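Shown next, in C-alpha cells, is the structure this report addresses.
The values are calculated or read from the model by the stated rules, or taken from the named source; none is laboratory data. Keep in mind that what you see is a predicted model, and the values were worked out from it rather than measured. Cβ sites come from the backbone with ideal geometry, for glycine too, and all protein chains shown count toward neighbours.
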Amino acid sequence: MLAAPNDQLESLARDPRRARDWVRHNVTANLNAGVDVRYVAVGNEPFLKSYNGSFINITFPALKNMQRALDEAGFGQRIKVVVPLNADIYSSPENKPVPSAGSFRKDINALMVDIVNFLHVNDAPFVVNIYPFLSLYQNPNFPLNFSFFDGATKPVYDQGMVYTNVFDANFDTLVWSLRKAGVPDMRIIVGEVGWPTDGDKNANVKYAQRFYSGFLKNMAKNVGTPLRPGHMDVYLFALIDENQKSVLPGRFERHWGLFTYDGKPKFSMDLSGNGKDNYLAEVKGVQYLPSQWCVFNKDAKDKYKDLPASVNYACSNADCTPLGYGSSCNGLSHDENISYAFNIYFQTMDQDVRACSFGGLAKITTTNASQGGCMFPVQILSVSGRVAPLIFLPISLVLLVSVFTLL
C-alpha cells in the first residue's frame, strides 16, 4: 500500500494534475522497480474528531482525482484507492450501545454514504483502523476486560449475536453502518490494530501482551466476528515506536511499536497464534553513541529560576511523553523529571555537548540515569549524520507551549 499523507489532500483535491503526477512518481515508479502495489491510500484517518473537520471537504475530491489518475495510467483495475479511517467515524447511541444500532457519525453521514458507494463501485475495500485501547482511553467507565479476548467479561447480546470483546463489537458496528449506507457486502480490511506500551495508564507492556496474545489466537483460528465469520485481512500497528509522531490524539501515539526505538522486542508474542512464548528476533548490529547521559546539575542553584523554561524547551524539541500521568516515568522525583527532559533532548541531538548545557543547569555523566521501569535512552548511531542542536535562547521561550508542569 502506498499512501498520500493528509498534508497533500488539498493539492490532490484542487488539481487533478497533482494526482497524475503523484501516480507517475509513486505508483508507476514503484511498479517499474518491482514493488507489489495493491492499494493507494488517500490520507490517513482524515475524519478523526481531533482534526476538527480540517479534511472533511477535501478528502472525497482527492479520492476521486486519485482514482481518475490511476484509471488514466491503466492501473485502475489492479490497484484500488482507499481511505483508511478511524473507528470514530461510526458509533452506537449511548442509550443503545450494541452493533445493530450503529451508523456513521451524523456530521459526516452523507459524505460517508457517498464515499463508500464510490469505493464499492470501484471494487475497493473499506479500510478501518480499530483500537480497543481507545475505548478505555476515551471512556473511564469502559469495562477493562472487554478490551481483550480471554473471555473474562460479561458478554453483550445483540439480535442473536454474542460479543465477548470490543474488537468484534466495533467491527460489526461498521458492518451495520455499511448496511445502512447501502453496501452490505463491502469488503473490510483492518488497516491498523494494536496496543501502545507507554503514554497512558492503560498503555503498558502487560496489557499489550495480553491483547496481542488473544487477538493473534483468534486470527489464527479464522474466527472472524459474529456478522463476518472466517478469514480477516488485518495489519498490526506498529513495527517500531515513532518519537516524532503527533500527540494530538494522546501521548500514547508515539508508543505503538512492537519494537523499541533500537529494534528490541518489547514482549514475547507468537505471530502464528499458537500461543508460544517466544520473543521476536531483535535487530542485529545496532550501534549506539557513547554511554553517557545529560542530567540536572543540582549545584547550579543560581540558575534555578530558568528551570521551567529549560524543561519546556527540552520537551518541546524531544519526546517527553513517558513523563505523563500513568506512563513509564511517571514515578520519577522532581529532579529526575528534569534529568529525563534534559537527557532525551541531549540524545535527540546526537549527544552534541551544546545540547547539554541549558545555561549551566545540565551536565554530562557516565552513570546510567535510568530508574526502575523508566529508561533513560542512549541514542543509536545515525547513518545520516549528526543532528544540529537547536540553540537555547531563553528570550524565545515566550513562544513555547508548556508540555509538562514539572515544578
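Listed values, structure above:
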read-out	value
All positions within segment 253-305 that are at pLDDT 95 or above, of a type in the set (Ser, Thr, Tyr) and outside any loop (DSSP other than H, G, I, E, B)	Tyr288
Selection from segment 325-344 of residues that are assigned to a helix (DSSP H, G or I) and over 22 Å from the mean Cα position of the chain (by Cα)	His334, Asp335, Glu336, Asn337, Ile338, Ser339, Tyr340, Ala341, Phe342, Asn343
Any hit, segment 113-125, residues being over 30 Å from Asn26 (Cβ atoms) and either of a type in the set (A, V, I, L, M) or surrounded by 17 or more Cβ atoms within 10 Å (Cβ to Cβ) (or both)	no
Test: Asn202 is over 17 Å from Arg105 (Cβ atoms), at pLDDT below 95 and not acidic (Asp, Glu)	no
Residue list for segment 44-80, filter: on the phi > 0 side of the Ramachandran plot and under 20 Å from the mean Cα position of the chain (by Cα)	Glu45, Asn52, Gly53
Residues located in segment 128-153, provided they are of a type outside the set (Val, Ile, Thr), within 20 Å of Phe47 (Cβ to Cβ) and in contact with a Leu (Cβ under 9 Å, 6 or more places away or on another chain)	Asn129
Flag if Glu94 is surrounded by fewer than 22 Cβ atoms within 10 Å (Cβ to Cβ) and in the same structural domain as Gly250 (by TED's automatic domain parsing)	yes
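Rundown of residues vs (1) among the charged types (D, E, K, R); (2) closer than 13 Å to Gly359 by Cβ; (3) in the same structural domain as Phe358 (by TED's automatic domain parsing); (4) out of contact with any His (no Cβ under 9 Å at 6 or more places or on another chain), yes/no style:
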| residue | (1), (2), (3), (4) |
| --- | --- |
| Tyr288 | no, no, no, yes |
| Ala309 | no, yes, yes, yes |
| Ser316 | no, no, yes, yes |
| Gly324 | no, no, yes, yes |
| Asn330 | no, no, yes, yes |
